[in-house]
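Data block below; observations after.
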Amino acid sequence: MSRAELLRDRRVAPSILAADFGRIGPAVAEVMEAGARVIHVDVMDGHFVPPISIGPNVVDALREQVHDAGGWLDVHLMIQAPERHVSDFARAGADSITVHFEATPHVHYAVNCVHDAGCRAGVAITPSTPPGALESIAPDLDIALCMTVNPGWGGQPFLPETLPKVGALKELVGDDTAVEVDGGIEVDTAGPCADRGANLFVAGSSVFGQPDPAEAYAKLVEAAGAV
Ligand code: DX5
Ligand code: ZN
């Protein structure tokens, strides 16, 4: 299986945002040993969203470990004007780069930048953006990300009103594009998202916030019907 095919499967993608930043490498190793192959990296700029998280140097620090284990680095840019930073993340080892629809007036250009940099491209929408916002870009997308909380913080409760949007996005993008859900994904919320067509399930607190992340990962895989 090529690594790009990871995006076609139903997969739980642990988000390192909820890991101990003093031991990200061992935390990633733990979930990869438990079967995780898509590692989600949340980038926040203190502008598009209030917190500041991490930059390309952390992607670079993980690239060898994740790629050597057959994994995929899924970078979620919660930053203003993401097109200015795409090449830095691509050079650092990102496999997919997702930008926010709300973070740039140049969504098509940003997606082209991601593809030109050799990565798979995603566009994310926040809970207040309707799925139809992605209509014109849908044919170019590898990933459509439906935020199921407001972006910026881990550990928030799933917003049930986002659930119909997951199904609408799946209908819009069709079979060849992954639908990713992000925020408040846990055992009870993964299944309903899967039922509506989501196949990538980002999980921060429900994996790394648990006493046994490997066991928590396995429970989520089961709840999502993932591999
Ligand atoms: C939130 C980030 C998420 C975050 C999810 O803005 O995009 O990826 O890590 O965290 P949980 O799973 O704890 O809601
Ligand atoms: Zn994210």
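Values in this text are rule-based calculations from the coordinates and carry no lab data. Being a predicted model, the structure only gives us computed values, none of them experimental. Counting neighbours? That spans all protein chains shown, and the Cβs are built from the backbone with ideal geometry, glycine included.
Listed values, structure above:
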item	result
Out of G204, G209, G225, sole residue that is within 13 Å of the chain's Cα centre (by Cα) and either more than 23 Å from T129 (Cα to Cα) or within 11 Å of ligand 1 (Cβ to nearest atom) (or both)	G204
Matching entry among D175, D140, D88 (being in contact with a His (Cβ under 9 Å, 6 or more places away or on another chain), more than 16 Å from ligand 2 (Cβ to nearest atom) and charged (D, E, K, R))	D140
Index of the failed condition, F89 passing every other in (1) outside any helix (DSSP H, G or I); (2) under 25 Å from V66 (Cβ atoms); (3) out of contact with any Gly (no Cβ under 8 Å at 6 or more places or on another chain)	(1)
Residue selected from the stretch 42-57 under the condition touching a helix residue (DSSP H, G or I) at 6+ places or on another chain (Cβ under 6 Å) and not in a loop (DSSP other than H, G, I, E, B), by the criterion nearest to D182 (Cα to Cα)	D42
Restricting the stretch 117-137 to residues that are free of Cβ contacts under 8 Å to residues at least 40 places away in the same chain, touching a strand residue (DSSP E or B) at 6+ places or on another chain (Cβ under 9 Å) and not hydrophobic (A, V, I, L, M, F, W, C), the residue that is farthest from ligand 2 (Cβ to nearest atom)	T129
